[in-house]
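Only the coordinates and a few stated rules stand behind these numbers; no lab work does. Only a predicted model underlies this, so the values are computations on that prediction, with no experimental measurement involved. Heads up, the Cβs are rebuilt from the backbone with ideal geometry, glycines too, and the neighbour counts pull from every protein chain shown.
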Amino acid sequence: MRHQTKKHTLGKAQDQRKALLRSLATELFVHGEITTTLTRAKALKPYAEKVISLAKKGDLNSIRNAAKYIYNKETGKYMDMTSGEVFDEPSKDKKLTSQTVLRKLFVIIGKKYTDKNGGYTRIYHLPPRRGDAAEMALIQLV
């Protein structure tokens with residue numbers, strides 16, 4: 001029997017489900033909010049909050065563990081690692097590095113939630129999708 005093994009399978013095999021949640025979490029951290037189906041949003045919520053809890057720790061082991069849960073792609077912006085300021089173009093007077101999702105997660109998002117214990121994401125219900133009437137939701141970082 002499958003007692004206490006509740007998980008959102010999303011009708012996919014394990015490797016496909018992991019890839020889906022990984023890409024959804026990556027886009028959530030890049031944009032701050034995403035629109036998806038309600039079941040995917042409910043499956044993403046504990047996944048994303050686990051990664052944010054790793055970002056709050058901020059040590060090297062947490063960075064390596066968080067890299068397992070999100071794709072470390074570049075966002076196309078530049079950031080100052082000390083202050084966390086984000087710039088659209090590199091400047092010559094400041095030393096800027098290209099912003100990746102992991103850097104944004106640990107420098108900006110992790111510092112934002114240092115005083116908060118859980119509840120980093122919020123789900124809003126949206127009207128059904130026009131094509132197939134699937135329940136839609138907006139999941140965003142609080």
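Quick look at the values:
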| item | result |
| --- | --- |
| Tilt relative to the chain, helix 14-31 - C-alpha long axis, 0 to 90 degrees, to 10 | 50 degrees |
| D (Stokes-Einstein, µm²/s), Kirkwood Cα radius, the chain, 0.692 mPa s at 37 °C | 200 µm²/s |
| Total formal charge among the other residues, if their Cβ is under 13 angstrom from that of LYS42, Lys/Arg +1 and Asp/Glu -1 | +3 |
| Ranked list, fewest to most other Cβ atoms within 10 Å of each Cβ, for THR114, THR26, THR100 | THR114, THR100, THR26 |
| Which of LYS45, LYS95 has the fewest Cβ neighbours within 10 Å, and the rest in rising order | LYS95, LYS45 |
| Environment charge of GLU135, counting only residues whose C-beta is closer than 11 Å and scoring Lys/Arg +1, Asp/Glu -1 | +2 |
| Order of VAL142, VAL51 - criterion: other Cβ atoms within 10 Å of each residue's Cβ, fewest first | VAL142, VAL51 |
| Dipole magnitude of the stretch 20-141, debye to nearest 20 (Cβ charges: Lys/Arg +1, Asp/Glu -1, about Cα centre) | 360 debye |
| Cα-Cα over 32 Å, subset of LYS12/LYS111; LYS18/LYS92; LYS42/LYS77; LYS42/LYS94; LYS12/LYS50 | LYS12/LYS111; LYS18/LYS92; LYS42/LYS94 |
| Mean ellipticity per residue at 222 nm, deg cm²/dmol - from DSSP H runs of n ≥ 4 across the chain, formula -39500 (n - 2.57) | -11500 deg cm²/dmol |
| Contact order normalised by residue count of the chain, Cα under 8 Å, 6+ apart, percent | 29 percent |
